[in-house]
1. Gain in length, residue 174 to residue 4, computed as 0.36 nm per residue apart minus the alpha-carbon separation, to one decimal in nm?
2. Using a simple spin-label model with points 7 Å from Cα along the Cα→Cβ vector, what separation in nm is obtained for residue 196 and residue 89?
3. Could you give the length gained by full extension between residue 218 and residue 149, i.e. 0.36 nm per residue of separation minus their alpha carbon distance, to one decimal place?
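Nothing in this text is a laboratory measurement; each read-out follows from the coordinates by a stated rule. As the structure is a prediction and not an experimental result, all values here were calculated from the model. So basically every Cβ, Gly included, is an ideal-geometry build from the backbone, and we count neighbours across all protein chains shown.
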Amino acid sequence: MTFIFLAGIGTIAFLDSLNPSLFIAQFYLLTTPQPTKRTLSYIAGIVIANFIGGLLVLGGVRAIFAEVVTLITPLMPWLHAILGALLLFFAFRQTQAAATPMEAKKPTSLRPLHTFILGVVVMGNELTTALPYFVAIERIVEANLPPIQVLLTLGLYNLIFALPLFAFLWLFLRFQARFVASLTKLQQTIQHWIGRILRWAALIFGVILFINGVLWLLTGNPVI
């Protein structure tokens, strides 16, 4: 593992962590009485579900990676164009979603076990659209790391992924009165700016990949 490789994985993990769905549920838990234990269990549920999901995906990808590369190499121009179109569609959906306030998923009980399950459920739902995580897994597969380094890299990814959640818990514990008082405004601000960042990132990369795929099909050579 090189520093550049780890820095790339860390950057992807940080971008992946900017997910409003994760924060909305956490902010709800922070408004409940004595929220520290249940918030920690919620974060634990997210991290464990994400880590295990990554291992399952990585195991399947690693087993068929060589075959898949051989099969998809001739299809790369089409894949670039399709992925670009999907990102543009995602950007369009984000524009629509920005006008609709997100509601927190709420557990039926606030016991730490149930908020842990809430974290697992929220993360399990997000794994189905976790494009950055799949990109990171692809990088890990390409690096052909030994098993222990795969585990460490996934662990690093999930640590960075969880840092914003821990940061908001720390802010709550440090500035509890002011934090709770401004929680609604903070939630709206995060949803607005994170949605805008994701929308523009998807738009930029979508345009680049789509144009590259189309030109690749027309000229036989990729632009990037």
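1. 57.8 nm
2. For residue 196 paired with residue 89, the spin-label model returns 2.7 nm.
3. Values: separation 69, 0.36 × 69 = 24.84 nm, distance 4.10 nm.
Full extension of this stretch gives 20.7 nm more.
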